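Computed from the coordinates by the stated procedures, all read-outs in this text should not be read as laboratory data. What you are looking at is a predicted structure, and each value in this text was computed from that prediction instead of being measured. Every residue, glycine as well, gets a Cβ built from its backbone with ideal geometry; the counts of neighbours run over all protein chains shown.
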Amino acid sequence: MVKTKKGKKKFSLTSFTIIFIIIIALAIVSHLLPTAQFDGDTIVNGSGVVGATFSDFVLSPILGFEDAADVSIFILILGGFLAIIAKTGALETGVKVLVKKLKGNELILIPILMFIFSIGGTTYGMLEETVAFYGLLSFTMVAAGMDTIVASATVLLGAGVGVLGSTINPFAVGAAVSALPEGITVNQGTIILLGCILWLVSYIIAVAFVLKYAAKVKADKGSTFLSLQEQKEMEKHYTKEDFVNDNVKLSTRQKIILVLFGLTFVIMIVGFIPWVDFGIISADVADAGTHWSAFLTGNCFGYWWFEDAAVWFFIMSIIIGIIGKISEKEFVDTFLGGASDILSVILIIAVARGASVLMQTTYLDNYIIYNAAEALKNMPAVLYAPLNYILHIFLSILVPSSSGIATLSTPIMGPLTAQLGFSVETNVMILVASNGLVNLITPTCGAIMGGLALARVEYSTWFKWAIKIVALIGLAAMVILTIAMCVL
């Protein structure tokens with residue numbers, strides 16, 4: 001049992017309340033800024049904003065749900081898939097066997113898993129896809145004597161530092177480079193080098209913090225950062241009194257199910273990696289849907305999105321259900337139960353998108369970037385880089401999407417950077433790194449809020465635990481990028 005801490009119950013807000021407060025604040029701010037001027041139907045860039053109406057405010061989370069429909073469907077089916085896996089008992093037994101084999105060496109899982117997640121982050125922007133791993137790793141880390149913060153940090157910081165140091169990530173680096181106006185060129189080698197430096201430095205900082213905390217919790221359960229309520233939730237969902245059993249073994253059927261379980265995630269990741277951008281699959285073949293990998297959904301590997309992943313997980317649910325000898329009625333009841341359990345995660349993700357929707361509706365994003373660029377245009381490199389970085393941190397809180405912020409910012413900041421004679425490559429990485437940093441902690445990122453909900457970790461708890469790590473990573477990234485802006 002987890003030791004509890006004595007004291008008064010701490011006041012904390014739910015994830016939903018935090019997000020709604022942000023949306024309310026944005027609506028109020030839109031009425032405090034100058035009114036936008038229009039030339040016909042086109043806004044005069046930087047002239048002002050359109051004040052949010054009451055209908056804009058109340059519709060924003062609903063439109064956020066519409067905007068997040070693809071990832072919501074995927075997560076809904078993921079909940080059913082995980083419930084089917086749990087029904088077979090293969091995953092629980094597999095974790096028992098793993099913990100038994102690693103007895104005394106469980107901490108080695110953390111740097112290994114974080115590095116694997118970071119590779120996904122730096123290569124193809126692995127973020128939303130990580131939601132599937134929070135529950136799984138919570139089960140594993142708690143069984144190994146740690147807590148769900150360790151599990152959440154392993155996934156979120158692991159993938160997050162990779163995204164922060166994106167090298168060939170098409171949704172961050174690719175989107176930023178493609179958004180540059182014609183005539184402005186960049187050296188991809190320089191971008192990759194900067195990305196690698198940011199990635200590895202951030203990875204080392206994150207691993208050091210997570211290992212230190214995990215070792216502390218493993219040595220003394222009472223040192224957990226979780227609240228009393230969160231500890232109870234962790235015990236309820238992830239702790240079993242008879243978990244450690246020297247006689248535990250996997251049956252042949254369970255081994256097959258675990259192989260299929262792992263294969264499901266591997267194929268999902270392969271499907272998301274942009275093979276066309278790497279020249280491995282021809283764009284003509286991919287567009288025509290004639291590649292062999294397009295047989296399942298009509299989209300070949302590299303063109304997959306959340307709808308394709310949802311189809312794949314549903315099919316694998318059925319296959320695993322058959323192998324696990326689950327009856328038709330048991331399968332339907334279990335799948336629906338799993339989908340129902342994860343519904344709160346979907347609602348959090350949808351509401352979080354509402355902040356971005358309101359930003360676009362009021363043109364607040366447009367106003368901020370144009371006026372910030374005007375203020376930065378006379379700055380020397382040693383000030384231009386850190387102030388540019390801070391600007392994009394603020395923007396990324398409001399627009400957490402890497403491709404969205406690239407489309408918004410790069411057409412303005414790219415030409416300005418080139419005009420001042422500074423490194424456009426560094427400007428690209430300023431955008432990427434600042435957005436990646438924010439997506440380690442922002443409540444407007446649906447993947448964070450959804451993943452934490454699965455791990456039964458309140459956002460306020462995560463914020464207080466992670467803020468020091470994020471601040472240190474952010475400071476390190478700012479120094480690296482400022483040096484690069486002055487030298488390149």
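Between Leu296 and Ile28, the C-beta separation translates, for a Förster distance of 60 Å, into a calculated FRET efficiency of about 0.80.
Over the chain, what relative contact order in percent results from Cα pairs under 8 Å that are six or more residues apart? For the chain, the relative contact order is 28 percent. Are any of the pairs Lys212/Lys464; Lys100/Lys249; Lys100/Lys218; Lys87/Lys232; Lys96/Lys255; Lys212/Lys468 more than 18 Å apart by Cα-Cα distance, and if so, which? Pairs exceeding the cut-off: Lys87/Lys232. Pairwise Cα separations in the range 273-400 fall into 5 Å bins from 0 onward with the following percentages, short to long: 2, 8, 10, 10, 9, 11, 14, 14, 9, 6, 4, 2, 1, 0. Annotation for Ser282 and Thr53: the two label points, set 7 Å from Cα along the Cα-Cβ direction, are 5.2 nm apart.
Could you give the longest part of the chain that holds none of the GluC sites (Glu not before Pro) found in DSSP loops with at most 12 neighbouring Cβ atoms within 10 Å?
Working: sites that count: Glu182, Glu241.
So the longest stretch without any such site is 242-488.
Using a Debye calculation, one point per C-alpha and no hydration shell, please list log10 I(q)/I(0) for the range 154-301 at q = 0.09, 0.16, 0.19, 0.20 Å⁻¹ in order. Ignoring solvent entirely, the Cα scatterers give -0.56, -1.13, -1.23, -1.26.
Across all C-alpha atoms in the chain, the radius of gyration and Dmax reach 23.1, 75 Å.
Here Val44 and Val382 are evaluated by their C-beta separation; at R0 = 30 Å the FRET efficiency comes out at 0.40. The long axis of helix 15-29 is offset from the longest Cα principal axis of the chain by roughly 10 degrees. Seen through its C-alpha gyration tensor, with square-root eigenvalues sorted a ≥ b ≥ c, the range 352-488 comes out oblate because a/c lies at 1.5 or above while a/b is not bigger than b/c. Using a Förster distance of 35 angstrom, determine the FRET efficiency expected from the C-beta separation of Ile256 and Ile108, and round it to 0.05. Here the calculated transfer efficiency is 0.85.
Ellipticity at 222 nm from helices only: DSSP H runs of n ≥ 4 in the chain, each -39500 (n - 2.57), divided by the residue count, give -22500 deg cm²/dmol.
Quick check: net charge around Ile320, other residues with Cβ under 12 Å of its Cβ, Lys/Arg +1 and Asp/Glu -1? Residues close to Ile320 contribute a combined charge of +3.
Value of Rg to Rh for the range 20-178, rounded to two decimals, is 1.13; Kirkwood radius and Rg both from alpha-carbon coordinates.
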